[in-house]
Amino acid sequence: MSVAFTREEDLEATAADLVDRPVSPHPNWVTKEGLEQIETELAAARAAYNAAQTSGSIESDRTAMARATRDLRYWIARRSSAQLVEVPADGRVRFGGNFTIEREDGRTQAWTIVGEDEADPARGSISHVSPLARALMGKRVDDEAEVAGQTVAIIAVDH
């Protein structure tokens, strides 16, 4: 059948069948800022859901309703599983703490270990389930670890 003969409603029905956002199987550890971010995203998802319900007939925009419903389910799940983690100041690389590494080639990088939803490597924050975080958790200044085939040394730990 030619695409010219497909009904617009059929295309919209297909677009409305969105796959759920995957929820991580890892513990949902969050910093105070991460919990605030989840609350903000949950409020936005609720607002989008309410807007999709009240913007006329749900049938007229099934895609918006499907997207709002999917996002609302995701953020409700993330909020209900969120575990606020306090950062102990014990000189070790920990969740919520800051640390600086030196790579074999002499480059230094500063990172903060955060929850999965708040991780943003471009801004210096990595998820607690990332290979770098998992390799360095619990280590101190001058400790080394191998990450992606390279040795990295911890040169600073701040909390």
Q: Just need a number here: residues in region 103-123 that are of a type in the set (Lys, Arg) and without any contact (Cβ under 8 Å) to a residue 12 or more places away in the chain.
A: 2
Q: Mind counting the residues in region 85-109 that are within 21 Å of ALA148 (Cα to Cα) and either assigned to a loop (DSSP other than H, G, I, E, B) or open to solvent by 70 Å² or more (accessible area, probe 1.4 Å) (or both)?
A: 9
Q) Filter region 140-159 for residues that are in a loop (DSSP other than H, G, I, E, B) and within 24 Å of the chain's Cα centre (by Cα); which is farthest from GLY34 (Cα to Cα)? A) ALA148
Q. So which pairs qualify, if the first residue must be in region 64-82 and farther than 16 Å from THR54 by Cβ, the second must be acidic (Asp, Glu) and open to solvent by 50 Å² or more (accessible area, probe 1.4 Å), the Cβ gap must be under 6 Å, and the two must be at least 6 apart or on different chains?
A. ARG70/ASP20; TRP75/GLU41
Q.
I want to confirm something. Restricting to region 110-124 and keeping residues that are touching a strand residue (DSSP E or B) at 6+ places or on another chain (Cβ under 8 Å), open to solvent by 30 Å² or more (accessible area, probe 1.4 Å) and aliphatic (A, V, I, L, M), which single residue is nearest to SER81 (Cα to Cα)?
A. ALA119
Q: Given the conditions (1) over 22 Å from LEU18 (Cα atoms); (2) over 15 Å from the mean Cα position of the chain (by Cα); (3) assigned to a helix (DSSP H, G or I); (4) of a type in the set (A, V, I, L, M), report the number of the one that ALA122 does not fulfil.
A: (2)
Q) Can you spot a residue in region 51-58 that is within 18 Å of the chain's Cα centre (by Cα), open to solvent by 20 Å² or more (accessible area, probe 1.4 Å) and over 30 Å from GLU144 (Cβ atoms)? A) no
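The values are calculated or read from the model by the stated rules, or taken from the named source; none is laboratory data. These numbers come from a predicted model, not from an experiment. Please note: Cβ atoms are built from the backbone with ideal geometry, for glycine as well, and neighbour counts cover all protein chains shown. Quick note on the areas: whole protein, heavy atoms, side chains included, nothing else; ligands and nucleic acids left out. Shrake-Rupley method; radii C 1.70, N 1.55, O 1.52, S 1.80 Å.
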